[in-house]
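What follows is calculated from the coordinates using simple rules that are stated; it is not laboratory data. Remember, it's a predicted structure, so these values are computed and weren't measured experimentally. Cβ sites come from the backbone with ideal geometry, for glycine too, and all protein chains shown count toward neighbours.
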Amino acid sequence: MMNPLELQWIKDSIKGDQSAFAELVRHYTAQIYNFCYRLTGNVQTAEDATQETFIKVWKNLKKFDAKQSFRAWIFTIARNTTTDFLRKKKSIPFSNIGNNTEEFAFEDILESDDEHIEETIGKVQDAHYVEKLLDEVPPDTKTVLTLYYQSDMTFDEIARVLGKSINTVKSQHRRALIKLREILSDAPNNPYQSYE
């Protein structure tokens with residue numbers, strides 16, 4: 001259920017109330033910027049993508065369906081905008097982003113100590129180390145991890161943001177955890193190996 005105050009900001013913004021839109025921007029700026037930064041690893045690109053996201057939100061607010069999640073809607077715009085910025089920069093191989101439609105259900109039956117790796121990630125206080133870990137996973141799974149752990153989204157919300165099935169999102173999450181566990185166990189200089 002949408003926050004009534006947020007819904008009012010949206011309605012007033014659609015009517016042209018710039019102060020209401022400013023409240024929406026203020027409410028979401030940090031979340032959107034952090035998301036864009038996690039995907040790009042670049043302050044300037046994240047700032048540009050954040051600004052462009054809110055421009056697109058302003059232009060398309062009338063198209064928003066109030067029965068849907070505004071948070072999922074704005075994060076979808078942020079993801080698409082960031083993807084466009086990265087395509088222009090050609091900084092990562094985009095064959096990995098958003099094109100993986102397979103669900104790899106066999107991974108659901110793998111014995112995987114997800115709770116252990118999640119606990120390990122939770123114990124890592126070094127933000128730079130976490131960023132390096134995230135850089136080691138493919139872009140599509142990095143997006144899932146960023147939305148799940150840093151934006152506190154549910155798998156259902158992430159599925160809406162990415163336009164994928166919830167099973168695909170869960171599968172990507174599982175693959176990312178498996179990959180992170182491999183990285184943590186193989187890293188010779190891993191300061192958190194004692195948690196393994």
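So the values come out like this:
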read-out: Segment 4-91 shape via C-alpha gyration tensor axes, a/c threshold 1.5; value: prolate
read-out: Simple spin-label estimate for Lys11 and Phe64 in nanometres, 7 Å along Cα-Cβ; value: 1.4 nm
read-out: Highest average packing first - 57-68, 147-158, Cβ atoms within 10 Å; value: 147-158, 57-68
read-out: Entries of Lys59/Lys89; Lys62/Lys142; Lys62/Lys132 with Cα pairs more than 28 Å apart; value: Lys62/Lys142; Lys62/Lys132
read-out: Residues Val161, Val43 arranged by fewest to most Cβ contacts within 10 Å; value: Val43, Val161
read-out: For segment 4-91, size of Cβ-based charge dipole, Lys and Arg +1, Asp and Glu -1, in debye; value: 380 debye
read-out: Candidate lysines - alpha carbon under 17 Å from Lys63, same-chain residues fewer than 8 apart omitted; value: Lys11, Lys15
